[in-house]
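Undergrad: Could you have a look at this structure, given as structure tokens, before my questions?
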Amino acid sequence: MWKHIAANALTLGVVLIACLAGIVQLGKSKWAEPGPLTEATFFEVPRGASMRGVSEDLAAAGIISSGSVFRIGTRYTERAGDLKFGTYEIPAGASMPEVLDIVTAGGPSVFPYSVTYLVRQRGPEIRVRERIPGQEEAIEIATYQPGVDDVPEEYTALIERGVPIVWRVSVAPGLTSWDVVDALKVVDFLEGGDDLPLPPEGTLAPDTYDVVSGSSVEDLVSRMRSAQERILADAWASRVPGLPVETPEEALILASIVEKETGVPEERRTVAGVFVNRLNQGMRLQTDPTVIYGITNGQGGPLGRGIRASELRAATPYNTYVIDGLPPTPIANPGAASIRAALNPEETSFVFFVADGSGGHAFADTLAEHNENVAEWRAIEAARGATSGN
């Protein structure tokens, strides 16, 4: 009898071991096989989330086939405590190890929606975009000018739904500090700014900044100032010898003039070379943007009219047709490319330039060549005026 019982127990043990082995093998198979997700999707790991909660959410979203197998796999690989909060894109068919790699890797969140506030010369604009999982390019779903257009319903709906959004502020090069701060005061996802002292001209780095909704304008301005300090310090450290600027502050002034004189990237170093040549030769800079800054004091946007002859003759600190050398301050906030151009200008013999009708400039070594280029530009202006009048 005892032999019979022992034999049955042994048989049962073998069966249990076989079943356990089968379960383990099934778990391994489920762990490694492609997941059930048929289309790429976004998945959010909340701050402070547990692996149990995340595994259940992944299963509920149809990203993995089993929350329990996923948890066992994370413990077996000793990564159960490696979750990183954020929003991630999960590709179609991702296996459990691939999903685990994604939600534990960290890095920038991939938000389905972005709201970008563009601060630019022709007026601020808000752009709302949606990124479709599996597609590289986001699609624009709404755009409007604050204070001019009604707020689009699509934008309002996103806010009311509380969907994950990445908020950005994108500041164009060449704006004055007054332009930037004035625009930031009215953006709806930043706070404050009304009592913010105007930052010194030229000290704000034009760039695109990710921000937190509800954060302060003051914090963003501080980030912009720190960024400009780093850019200027790096460019100053690698400047070429023989420049007619003695301090980083003078370099920033020169860079701001380069920024305002050309919007063509390929011309920046050439334009910088022209101004360096003029300064080295004791010539006046004779640049209109400095005169305009002296008229507007960098406030109120573009001049909106031509410069008067009396203004070109007026003895102001910014009238480079009258004063020698650089004006006392920058006339705008230059971008990194213009700062680098000012401190590493093109080696050229040019000392003159004028618009050529293509958006760029015609450069010249001599006054005679320059006068010819000016005559050609005047003819282009006359032709355009005749065309627009018909």
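Undergrad: I need the full set of residues from the range 150-208 which are of a type in the set (A, V, I, L, M, F, W, C) and either at pLDDT 95 or above or closer than 25 Å to I257 by Cβ (or both), in order please.
TA: Residues satisfying the conditions are V169, V171, A172, L175, W178, V180, V181, A183, L184, L198, L204, A205.
Undergrad: May I ask you to list pairs of residues, at least six apart or on different chains, whose Cβ atoms are under 6 Å apart, with the first in the range 258-287 being under 18 Å from P334 (Cα atoms) and hydrophobic (A, V, I, L, M, F, W, C) and the second being open to solvent by 20 Å² or more (accessible area, probe 1.4 Å) and outside any helix (DSSP H, G or I)?
TA: Going by the 6 Å Cβ cut-off, the qualifying pairs are V274/F350; V274/F353.
Undergrad: Hey, another quick one. Name the residues in the range 37-94 that are closer than 23 Å to I165 by Cα, assigned to a loop (DSSP other than H, G, I, E, B) and of a type in the set (D, E), would you?
TA: Scanning the range 37-94 gives a single hit, E39.
Undergrad: Which of the residues spanning the range 72-86 are within 19 Å of T41 (Cα to Cα), surrounded by fewer than 18 Cβ atoms within 10 Å (Cβ to Cβ) and not basic (K, R)?
TA: Within the range 72-86, just F85 meets the criteria.
Undergrad: Being charged (D, E, K, R), over 25 Å from the mean Cα position of the chain (by Cα) and surrounded by fewer than 16 Cβ atoms within 10 Å (Cβ to Cβ) is the filter here, so list the residues in the range 221-246 that pass it.
TA: Within the range 221-246, E246 is the sole residue that qualifies.
Undergrad: Okay, moving on. Looking only at the range 30-60, filter to residues that are small (G, A, S) and open to solvent by less than 60 Å² (accessible area, probe 1.4 Å); which one of those is nearest to the chain's Cα centre (by Cα)?
TA: Per the stated criteria, the residue is A40.
Undergrad: Sticking with this structure for a sec: Taking E218 as meeting all but one of (1) touching a Gly at 6+ places or on another chain (Cβ under 7 Å); (2) open to solvent by less than 60 Å² (accessible area, probe 1.4 Å), write down the number of the exception.
TA: All conditions are met except number (2).
Undergrad: Could you check, for the range 290-298, whether at least one of its residues is modelled with pLDDT under 90 and open to solvent by 30 Å² or more (accessible area, probe 1.4 Å)?
TA: yes
Undergrad: Got a sec? Which of V115, V103, V128 is in contact (Cβ under 8 Å) with a residue 12 or more places away in the chain, β-branched (V, I, T), surrounded by 16 or more Cβ atoms within 10 Å (Cβ to Cβ) and not in a strand (DSSP E or B)?
TA: Criteria check complete, one pass: V103.
Undergrad: A further question follows. In the range 175-272, which helices (runs of 4 or more DSSP H) lie fully inside it and hold 3 or more residues that are assigned by the TED database to the domain that holds T320 and in contact with a Ser or Thr (Cβ under 7 Å, 6 or more places away or on another chain)?
TA: In the range 175-272, 248-261 are the helices (runs of 4 or more DSSP H) which contain 3 or more residues that are assigned by the TED database to the domain that holds T320 and in contact with a Ser or Thr (Cβ under 7 Å, 6 or more places away or on another chain).
The values are calculated or read from the model by the stated rules, or taken from the named source; none is laboratory data. Nothing here was measured: the structure is a model prediction, and the numbers come from that model. Using ideal geometry, Cβ is built from the backbone for each residue, glycine included, and neighbour counts are taken over all protein chains shown. Note: accessible area is taken over every heavy atom of the protein model, side chains too, but ligands, DNA and RNA are not part of it. Shrake-Rupley method; radii C 1.70, N 1.55, O 1.52, S 1.80 Å.
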